[in-house]
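The values are calculated or read from the model by the stated rules, or taken from the named source; none is laboratory data. From a predicted model like this one, the values you see are computed outputs, not experimental measurements. Here the Cβ positions follow ideal geometry from the backbone for every residue, glycine too, while neighbour counts run over all protein chains shown. Only protein heavy atoms, including side chains, enter the accessible area calculation; ligands, DNA and RNA are left aside. Shrake-Rupley method; radii C 1.70, N 1.55, O 1.52, S 1.80 Å.
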Amino acid sequence: MGHYCRWCENDPLLIAYHDKEWGQREDDDQRLFEAMCLELFQSGLSWKTVLHKRDSIRKAFRHFELEKVATMNEQDVERLLKDSGIIRHRKKIEATIQNSRNVVRLQREFGSFREWIESLPNDVEAKAAKISEMFTYMGPITAKSFLEATGFIPIEHDKQCHLFEGKSLQIKPIGKADRGEVQQFFHQHWGSPEMVLSTGVFHCERLPGFLYRNKRGEIIGLITYVTHEKRSIEIISFDSVKEGKGIGTSLLQAVEAKAIEQQVRQIEVITTNDNLHALGFYQKRGYQLKELVVNGVEKARQLKPSIPRKSADGIPIRDELKLVKTMR
């Protein structure tokens, strides 16, 4: 048996959740609602109790389909209080139904539950406080657990856990002492620190930004940007060595926090027509397509001939797409 966080208790169900779900970024509203409800039911109990009743709770609450849960009534509450397969707690059951209605309302107002969460302050305590204000039976500690479970804020594994990466796994602004290492990172992962876009030629190793280190002190995530007066912040480079760990999201949130600090209203980012992963990533985090620069990459290629002509999937790399997020 491997080494895991203490709360896993060598329970196969807890271990599977720990390794495959906990802290993983979740963007689907139905699964976000389920995660919130499970945290709500866990309040005052062990996570083991909740996870072993998870299938029964899912069934009882119509697989957490929001519109269906929102129509549940007092008769459903009385029926569920007799269901031995779930946690029979009146206030938690009623809170689940009420919270589904709140989520449906947020979907109509913000487009999705996820987008509402993305609109909250970047400060963890402030974010948790807003969730507590919006939802019933979601105190700040429960709200923080929900944010951790769904990858909106970083999680910390116990030191003996095989996934432990230590407190050194933190975001920090790029400083003077980091410049040589940052330049090496670009050479290793990009071939060169020079970035050529339709908006200009940038030497990324000189730009402001944020980096993310692992427990060995290695850079495993990096983002750089430029500020266009008070008009906008433009992300120039963005790279995460490890996928699905929330590193990219955390780096993006650091730039968004910087925009708020500088009272900049918009964040812009340019990607290419072949980069379907980046297009999905940004749009899931509130960025909208604003502009298509036809043959934008062709123009950049005149300055930097080494830019590939085709992606690994064989898609011709020709156009630039600009995405924008307006900070609330």
Leaving out same-chain residues fewer than 8 places away, which lysines sit with a Cα under 16 Å from that of Lys127? Lys144
For Glu181 and Arg31, what is the calculated FRET efficiency with R₀ set at 45 Å and r taken between the beta-carbons, to the nearest 0.05? 0.75
Tell me, what % of the accessible area of the chain is carbon and sulfur with a 1.4 angstrom probe? 49 percent
Using heavy-atom solvent-accessible surface (probe 1.4 Å) with all chains present, what is the largest-first order of Glu67, Glu26, Glu229? Glu229, Glu67, Glu26
Quick one: angle between helix 247-261 and the longest Cα principal axis of the chain, in degrees between 0 and 90, rounded to 10, please. 80 degrees
Do you know the relative contact order of the chain, to the nearest whole percent, from alpha carbon pairs under 8 angstrom that are 6+ apart? 14 percent
Using Cα pairs under 8 angstrom and six or more residues apart, how large is the relative contact order of the stretch 41-178, in percent? 15 percent
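For the chain, with every protein chain kept in place, what is the accessible area per residue (1.4 Å probe, Å²)?
So the chain comes to 51 Å² accessible per residue, rounded to a whole number.
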DSSP-defined antiparallel bridges as percent of all bridges, the chain, nearest 5: 90 percent
Ranking Arg105, Arg301, Arg309 from most to least accessible area with a 1.4 Å probe gives Arg309, Arg105, Arg301
Report, in whole Å, the centroid distance computed from the Cα atoms of the stretch 28-67 and the stretch 75-132. 10 Å
Hey, can you grab everything whose amide H is under 5 Å from the amide H of Lys53? Only 5+ residues off in sequence or another chain; H modelled, so Pro and N-termini drop out. none
Expected output is a single nm value to one decimal: the length gained when fully extending between Ser192 and Gln288, i.e. 0.36 nm times separation in residues minus the C-alpha distance. What is it? 31.7 nm
May I ask for the angle, rounded to the nearest 10°, between helix 179-189 and the longest principal axis of the chain, with both axes built from Cα atoms and the value confined to 0 to 90°? 80 degrees
Volume of the Cα convex hull of the stretch 195-238, divided per residue and given in Å³: 75 Å³
Cα-based helix-to-principal-axis angle, 29-42 vs the chain, degrees rounded to 10: 50 degrees
Of Met134, Met36, which has the most accessible area and how do the rest follow, probe 1.4 Å? Met134, Met36
Among the listed pairs Lys230/Lys325; Lys130/Lys290; Lys53/Lys245, give every one whose C-alpha distance is greater than 20 Å. Lys130/Lys290; Lys53/Lys245
Here the relative contact order (percent) of the stretch 212-287, from C-alpha pairs under 8 Å and at least 6 apart, is 26 percent
